[in-house]
Amino acid sequence: MKNSHLIITIDGPAAAGKGTLSRRLAERYGLRHLDTGLTYRATAKALLDRGLPLDDEDLAVEVALNLDLSGLDRSVLAQHGVGEAASTVAVMPKVRRALVEAQRAFAKRPPGTVLDGRDIGTVVCPDARVKFYVTASPEIRAQRRYREIINQGGTAELPAILADLEKRDARDAGRADSPLRPADDAHMIDTSDQGIEEAFETAKSIIDAALAAD
Ligand code: CDP
């Protein structure tokens, strides 16, 4: 896809730094941003709020088909438990199909979009102009998630967060439909020992080089 409609994808495991990087890149290049994790979180939260089971695929699809992607708010969907529930809902192929269709429709609107998630470069937007896979060691990611929770006034225990993240990584990478993995043409960014500024600069120079080659 050419400059006129730029799509940038950012995949990777939980708490790797995808969200901040995506928002910064969207701002830098004047693009829209879609955090696709929120679509899975919103589906899961709607089921939880109504006391409905998380493993009824038809119910979950109905919720997914009625989501308004423009009204998703991470602060409402941030709870750790909602993330866990999201990864359970995300295993169901019909739910994925409904959400992927909505994500693609969002991505198509001008002037272009930065999307972050788990399967964006591989399944949602395989023709994206630039793809990244952002990762960090499980220990570093658990520490970041822990600090996020504490900063929001919550309580958490680091070993439990680490165990949850590892369980979620395994569920996301091990599922049959659209598992978490880098696209063959993704640029790898490891944020274990680089801050957001450094990751942003790395991503920016890769994007600028790609755009200059168009
Ligand atoms: O913020 P965090 O990395 O904890 O998770 P998230 O991006 O909000 O995603 C929550 C869950 O939704 C993930 O663990 C995945 O199971 C699922 N998800 C997915 O399957 N595909 C995506 N494109 C995005 C999220």
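Has the range 138-160 got at least one residue that is under 15 Å from the mean Cα position of the chain (by Cα) and at pLDDT 95 or above? Within the range 138-160, one or more residues are under 15 Å from the mean Cα position of the chain (by Cα) and at pLDDT 95 or above. Which ones in the range 120-146 are among the hydrophobic types (A, V, I, L, M, F, W, C) and either outside any strand (DSSP E or B) or not assigned by TED's automatic domain parsing to the domain that holds A183 (or both)? Once the filter is applied, which keeps residues that are among the hydrophobic types (A, V, I, L, M, F, W, C) and either outside any strand (DSSP E or B) or not assigned by TED's automatic domain parsing to the domain that holds A183 (or both), the range 120-146 yields I120, V123, V124, C125, A128, A136, I140, A142. Of all residues in the range 147-172, those being without any contact (Cβ under 8 Å) to a residue 24 or more places away in the chain, open to solvent by 60 Å² or more (accessible area, probe 1.4 Å) and either among the charged types (D, E, K, R) or outside any loop (DSSP other than H, G, I, E, B) (or both) number 8. State which residue pairs qualify: first residue outside the structural domain of V124 (by TED's automatic domain parsing) and inside the range 88-104, second residue near the ligand (Cβ under 10 Å from one of its atoms) and in a loop (DSSP other than H, G, I, E, B) in any location, beta carbons under 7 Å apart, and separation of 6 or more residues or different chains. These pairs meet every condition: V91/R175; P93/D177; R96/A90; R96/D177; R96/S178; Q103/T36. At least 1 residues being within 16 Å of the ligand (Cβ to nearest atom), under 21 Å from H80 (Cβ atoms) and charged (D, E, K, R) is the threshold, and among the helices (runs of 4 or more DSSP H) wholly inside the range 1-68 those reaching it are 18-29, 37-49.
Selection of the range 174-214 for residues being touching a residue at least 24 places away in the same chain (Cβ under 8 Å) and part of a helix (DSSP H, G or I) yields I196, A199, F200, A203, K204, I206, I207, A210, L211. Filtering the range 132-144 to residues that are among the charged types (D, E, K, R) and open to solvent by 30 Å² or more (accessible area, probe 1.4 Å) leaves E139, R144. Pairing residues of the range 43-58 that are open to solvent by less than 40 Å² (accessible area, probe 1.4 Å) with residues that are polar (S, T, N, Q) and outside any helix (DSSP H, G or I), at Cβ distances under 9 Å and at least 6 apart in sequence or on separate chains, gives A46/N66. Residues of the range 120-131 that are open to solvent by 10 Å² or more (accessible area, probe 1.4 Å) and within 10 Å of the ligand (Cβ to nearest atom): T122, V123.
The values are calculated or read from the model by the stated rules, or taken from the named source; none is laboratory data. What you see is a predicted model; the values in this text were computed from it and never measured. Cβ atoms come from the backbone with ideal geometry, glycine included; neighbour counts cover every protein chain shown. Ligands, DNA and RNA are stripped out before the accessible areas are found, and what is left, the full protein with its side chains, is counted by its heavy atoms. Shrake-Rupley method; radii C 1.70, N 1.55, O 1.52, S 1.80 Å.
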